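The values are calculated or read from the model by the stated rules, or taken from the named source; none is laboratory data. What you see is a predicted model, and the numbers here were worked out from it, not measured in a lab. Here the Cβ positions follow ideal geometry from the backbone for every residue, glycine too, while neighbour counts run over all protein chains shown. The area values use the complete protein model at the heavy-atom level, side chains included, leaving out ligands, DNA and RNA. Shrake-Rupley method; radii C 1.70, N 1.55, O 1.52, S 1.80 Å.
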Amino acid sequence: LTQSTATVETIAATQITDQSALVGGKVSHDGGAHITEFGIVFGTNTNPTTEDNKITCSGGFGLFFTNLSSLTPHTTYYVRAYAINSEGMSYGDVIAVKL
């Protein structure tokens, strides 16, 4: 079996206030290798990575959500889901969250 990076999707933000938002993602395929870490990365640059702000989520395969809080009002944050397996890192699409 050929292994590859995981397939992960970013889910649109909900419950947006002037300082917080509920964001999430979905690991839809593990790439044939065990997922070692997954979660959300975010920041004010348009292409956030795990070098920016990172929230590691727990749980099994599938949907996951986390609340971003203590954010700066009237700021646009860029958010995307990520997943890591033995083949490497993969990211979902970037979404913009306007507070």
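Data table
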quantity: From the options Gly92, Gly88, Gly43, residue that is farther than 17 Å from Leu22 by Cβ and surrounded by 15 or more Cβ atoms within 10 Å (Cβ to Cβ); calculated: Gly43
quantity: All positions within the range 47-85 that are open to solvent by 30 Å² or more (accessible area, probe 1.4 Å), of a type outside the set (Phe, Trp, Tyr), out of contact with any Ser or Thr (no Cβ under 7 Å at 6 or more places or on another chain) and part of a loop (DSSP other than H, G, I, E, B); calculated: Asn47, Thr49, Thr50, Glu51, Asp52, Ser58, Gly59, Gly60, Ser70, Thr72, Pro73, His74
quantity: Those residues of the range 2-46 which are part of a loop (DSSP other than H, G, I, E, B), of a type in the set (A, V, I, L, M, F, W, C) and in contact with a Phe, Trp or Tyr (Cβ under 8 Å, 6 or more places away or on another chain), in sequence order; calculated: Ala6
quantity: Sole residue being over 22 Å from Ala6 (Cβ atoms) and of a type in the set (D, E, K, R), chosen from Lys26, Lys54, Lys98; calculated: Lys98
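Each row is one residue, and each column tells you yes or no for (1) free of Cβ contacts under 8 Å to residues at least 24 places away in the same chain; (2) of a type in the set (A, V, I, L, M).
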| residue | (1), (2) |
| --- | --- |
| Glu9 | no, no |
| Ala33 | no, yes |
| Asn45 | no, no |
| Thr56 | yes, no |
| Ser70 | no, no |
| His74 | no, no |
| Val79 | no, yes |
| Tyr91 | no, no |
